[in-house]
1. Filter region C:340-368 down to residues that are assigned to a loop (DSSP other than H, G, I, E, B) and either in contact with a His (Cβ under 7 Å, 6 or more places away or on another chain) or more than 19 Å from C:G272 (Cβ to Cβ) (or both), then give me how many there are.
2. Would you check which residues across region B:157-179 are among the aliphatic types (A, V, I, L, M), within 30 Å of B:V61 (Cα to Cα) and buried (at least 20 other Cβ atoms within 10 Å of the Cβ) and list them?
3. Give A:T5, A:T9 a once-over and let me know the one that is more than 7 Å from every other protein chain (Cβ to nearest Cβ) and at pLDDT below 95.
4. When the residues of region C:24-47 are filtered to those that are within 9 Å of chain A (Cβ to nearest Cβ) and among the polar types (S, T, N, Q), which remaining residue is surrounded by the fewest Cβ atoms within 10 Å (Cβ to Cβ)?
5. Do the conditions hold for C:G352, that is, is it modelled with pLDDT under 95 and either closer than 30 Å to C:I64 by Cα or of a type outside the set (D, E, K, R) (or both)?
6. So C:K218 clears everything in (1) surrounded by fewer than 20 Cβ atoms within 10 Å (Cβ to Cβ); (2) basic (K, R); (3) more than 14 Å from every other protein chain (Cβ to nearest Cβ) except one condition, right? Which one?
7. Determine which member of the set C:G54, C:G90, C:G83 is more than 14 Å from A:A266 (Cα to Cα) and at pLDDT below 95.
8. Residues in region A:140-149: is at least one crowded, with 24+ Cβ neighbours inside 10 Å and assigned to a helix (DSSP H, G or I)?
Amino acid sequence: MTELTLTPTEIMEQANRALAAANEAKFMTNNLWLLISTVLVFVMHLGFAALEAGFVQRKNVVNILFKNSMIISIGLLTYYLIGFNLMYPGSNPGGFFAFSGFGLTPPENGMTAAYGNYTYWSDFIFQGMFAATCCTIVSGAVAERIKLFPFLLFCIFFVTIAYPITGFWKWGAGWLDARGFYDFAGSTLVHSVGGWGALAGIILLGPRKGKYTAKGIKPIPGHSMPLAAVGVFLLWFGWFGFNGGSVLSADPASVSKVFVTTSLAAAAGGLGAFVTSLAVFKSYDLSMTLNGILGGLVGITASADGVAVTSAILIGFIAGVIIPLSVTFFDKIKLDDPVGATSVHLVCGIWGTLAVAIFGNYGEGVGTIADQLVGILAIGAFSFSFAFLFFLLLKITIGIRVSSLEETIGLDIAEHHQSAYS
Amino acid sequence: MTELTLTPTEIMEQANRALAAANEAKFMTNNLWLLISTVLVFVMHLGFAALEAGFVQRKNVVNILFKNSMIISIGLLTYYLIGFNLMYPGSNPGGFFAFSGFGLTPPENGMTAAYGNYTYWSDFIFQGMFAATCCTIVSGAVAERIKLFPFLLFCIFFVTIAYPITGFWKWGAGWLDARGFYDFAGSTLVHSVGGWGALAGIILLGPRKGKYTAKGIKPIPGHSMPLAAVGVFLLWFGWFGFNGGSVLSADPASVSKVFVTTSLAAAAGGLGAFVTSLAVFKSYDLSMTLNGILGGLVGITASADGVAVTSAILIGFIAGVIIPLSVTFFDKIKLDDPVGATSVHLVCGIWGTLAVAIFGNYGEGVGTIADQLVGILAIGAFSFSFAFLFFLLLKITIGIRVSSLEETIGLDIAEHHQSAYS
Amino acid sequence: MTELTLTPTEIMEQANRALAAANEAKFMTNNLWLLISTVLVFVMHLGFAALEAGFVQRKNVVNILFKNSMIISIGLLTYYLIGFNLMYPGSNPGGFFAFSGFGLTPPENGMTAAYGNYTYWSDFIFQGMFAATCCTIVSGAVAERIKLFPFLLFCIFFVTIAYPITGFWKWGAGWLDARGFYDFAGSTLVHSVGGWGALAGIILLGPRKGKYTAKGIKPIPGHSMPLAAVGVFLLWFGWFGFNGGSVLSADPASVSKVFVTTSLAAAAGGLGAFVTSLAVFKSYDLSMTLNGILGGLVGITASADGVAVTSAILIGFIAGVIIPLSVTFFDKIKLDDPVGATSVHLVCGIWGTLAVAIFGNYGEGVGTIADQLVGILAIGAFSFSFAFLFFLLLKITIGIRVSSLEETIGLDIAEHHQSAYS
């Protein structure tokens, strides 16, 4: 082969072009994974809709489906308008509150300043899909007796204001982040926030008619177990994006590890709830097992990126054990939650956040038990207070509960003049 | 470090290898996104099946499921045999018709000549998934009274001949493409084409028995709202691939922007239909809201890659407003469409195609209002005529409508000797 | 432009950096595809759950959903504990058995030694999703009369011991691999293994009460065709990952070709079953058509990477033709399989494995008819014997069949004290 007559500059330019192209290729793959994760998290809205529809009575199915369709619709629009810029204002690091204005303001090159692994648009749409889930959690707990209009009002404010503010505290680099609090994909920031909203709602609403009687607790079984099971499987499906996408890149080591911890925690959650139900209730309880899987998923969400596989299994298993106990407990104190959302998202969300301190390994000053407790309490206090006061305001003004007659005939006919089946 | 004793040629070869590897990596990611989009578009067939099954009466469910299972099966096979080479013949640019022969003839290297972002095989299977959707749209509109065998015959010819011919006009670089007509992912080329087929079908079939009576319009409610809602969510899910994949690469800026415009238009469509239903019918109407989401998606499909986010929201919102008005209109003129497919796919498809001219920014001579009208009219005239004549031919030969008795007992028993539920 | 004053070493280092970055980018994309395939294969568990739930009677739905929830949960955990290291021990090449110890032992760098296209974690979780499917196949066949506890025991041992051992023979580089046996994604290794387990189970269990009477065969129709159809579409959806992911890289040529062969075989399977049902039973049979699609998918699984497209269509079509004939045959010999799992997974699995020899092109000494027969027989003998003996042991100890009364009232009430619908 004859020697090329290339100058060093020409060769270096070719090497530079190659490196730039390789970095572009990485950027493409990283960004693509965030987009695919967005699609997966989107499916969680269907998962919640199916799960909740399955767990309510036949007469309240249209209502649940309507609520969940509107939550994702309104949630995305308000997150676009306000929420995103409240959660990721790009200013006031270590602070309590910041807002960078209405609507989207993409930088010239469309990339995020912070990471460089995805575009501004990908960042927004991924975070937007997350945001609306917190109201979907509330939706199930308050089902079968809440009035539609005040519920939608609550959602708008909860998703647009409350969720992004506490989200900013950690993921927007606010004070909890500076304090060392750790929550990988949102055991607290998403699930407990939704759980606190649910708790406030069911306290103020009261239980469904006939649930807690003088003769004891009357179970009100869900109208379709297949629908509920489809919902749980779809939620697990979506969780691969919820946790896997929260790596915020397609880094092979991290994402694949997160897939393993997430899956095994879910599996262990199912097993834990199965074993506990068998021991406590002497029955193979499908609802508990399904919620156990979800409990395991919520539990691992705070630490899926930073625990050993054996720890992930233990975290999931304990979450699964918690589920039947927690469901029983809430029934004992007469807080009526038709789908078990408070047990799954609030209780297991708290457990998962504490598990960061017990099993996680995030370096000095990050995720200590004190850090985690501060985060749990601060976000809990804010979210619960916000939800409680907002629901209370609605209660004393336009009312939040349907009439006794409407509850008896069902919200589908009462609110929608439509039946789910015919 | 000691100096290497490398010749310039050796170094340049290493730089060349690196650049080639980087380009291979990009090709892999681009191709992978088209394949994943294929999977997502595939799910739309399930979405349509579920939506249509949910919106029909209990006695016609097996029939709808059977039709949708056969449409995807037959559609893929005939697109393989004929359609793909009719739509993308790779010849006669600016023309009306071309055909490059039966079956697949991959180039030696398996790459497309035109783009270089994906393989020949990926191109075929992505386009094949698109093709069958146009008959799935018809399927819902003509449900509950069409005979199975003529319907399948219609599908074979519509998917294999009609759809690819008008597809060629634009996406195959035919005369409409040369004319400046723009339709990003198929508001007209896919959705309106299906909608025109649906319109022809319902005109020739006539309404279902008992739908339009002397006493007014009798609503015939769908038998399962959960199934319909699952269908709509799955369609939205699939649309990430329908629109996102139509970028035909994993280009981060384009795909992520398309995700944002698509999602916000869907959300705004749901909101638009909700608000309009509340204003016009004074009810929280689930069916309308679900169809509003679909209307928003159809509306944004022509311009998802080239409008501002605020425009996308407006396009989706207007599509949502259109839905209840259009559904009411079709009922007024006694064109009976059990699932609202003509409103969703035809009317919103036209709206979305016009929106290109109003909100889009595709450079001079592309997507003007005149260009768009020519495309809408030309494709509409061809698709409607083809469908009308073909259905008419079937009507006067083997008949297209089941007997009155069969309609009363339902197509499941009449055509399949099987019930959907037992 | 002025000349740079770079030494050859400096330039070469830049070129090396570029090449390393390009290879990293490829690794990211390859690994990402395996992870996404994992997600898709996960959905197959939902697909099976929905399909089986749809095909059983209303009174046995909770039971099926419970079993399928526990199979994925337990299956992943035992595969983590034992199965993975039994199937891919990384030792004893060409052998019959090896085991590399309990739990996961990732290499220092987290990469697989063998391929270099994905991480150790991705490998485990992808294979883990595969593993549990073999019991999901059994679950449907033995439905409506098996006792839950012995079934779960069976699953644990079948997934943890039997499946990985025969898996090792081929995919773990054991004796069948050395012998030239070829099975791309598991027509035999996964589907027939499940099918043999199903066959053993239904032989020992006997048919459901009232199925085979003196007056002939009484059809026991499934309780929900929509659920079954949703299941089949989701299985097809998941199969893009099952076959596509089995390429074990995102290699554009291979994965896209596999998408085409897989899709067209599925389509041809649906068509084959449709045509055959129409010819033999004179009916448009939805169950047969759905199972025909699955048969086509199972049939192409062994050779999706190495047959011509026309061959793929033929393989799928023949599988589709097989389905109604095989279902009829099993009913004739009074082997009662409520969902047709033996026909779909066992018979079409064998057909697909033979098709490798007929249509495949894998080079000399690979996939000859003799090789394939040895594999089919060896794996069949082992899997069937294992399952038969294990079920027999359970039958003569704790019993495997519910009481006649329990069967009549249904397993949902008998085993779970819960109804699927209320």
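The values are calculated or read from the model by the stated rules, or taken from the named source; none is laboratory data. As the structure is a prediction and not an experimental result, all values here were calculated from the model. Please note: Cβ atoms are built from the backbone with ideal geometry, for glycine as well, and neighbour counts cover all protein chains shown.
1. Looking only at region C:340-368, we keep the residues that are assigned to a loop (DSSP other than H, G, I, E, B), and these are C:340, C:360-368.
Applying the additional criterion that residues be either in contact with a His (Cβ under 7 Å, 6 or more places away or on another chain) or more than 19 Å from C:G272 (Cβ to Cβ) (or both) yields C:360-368.
The total comes to 9.
2. Going residue by residue through region B:157-179, those that are among the aliphatic types (A, V, I, L, M) are B:159, B:161-162, B:165, B:173, B:176, B:178.
Still in the running and within 30 Å of B:V61 (Cα to Cα): B:159, B:161-162.
Hits for region B:157-179 are B:V159, B:A162.
3. Details: A:T9 fails: more than 7 Å from every other protein chain (Cβ to nearest Cβ).
Checking each option against the conditions leaves just A:T5.
4. C:N30
5. On the way: modelled with pLDDT under 95: no; either closer than 30 Å to C:I64 by Cα or of a type outside the set (D, E, K, R) (or both): yes.
Taking the combined requirement at face value, the residue does not satisfy it.
6. Unmet for C:K218, out of (1) surrounded by fewer than 20 Cβ atoms within 10 Å (Cβ to Cβ); (2) basic (K, R); (3) more than 14 Å from every other protein chain (Cβ to nearest Cβ): (3).
7. On the way: C:G54 fails: at pLDDT below 95; C:G83 fails: at pLDDT below 95.
One residue alone meets the criteria, C:G90.
8. Checked against the condition, which is being crowded, with 24+ Cβ neighbours inside 10 Å and assigned to a helix (DSSP H, G or I), region A:140-149 yields at least one hit.
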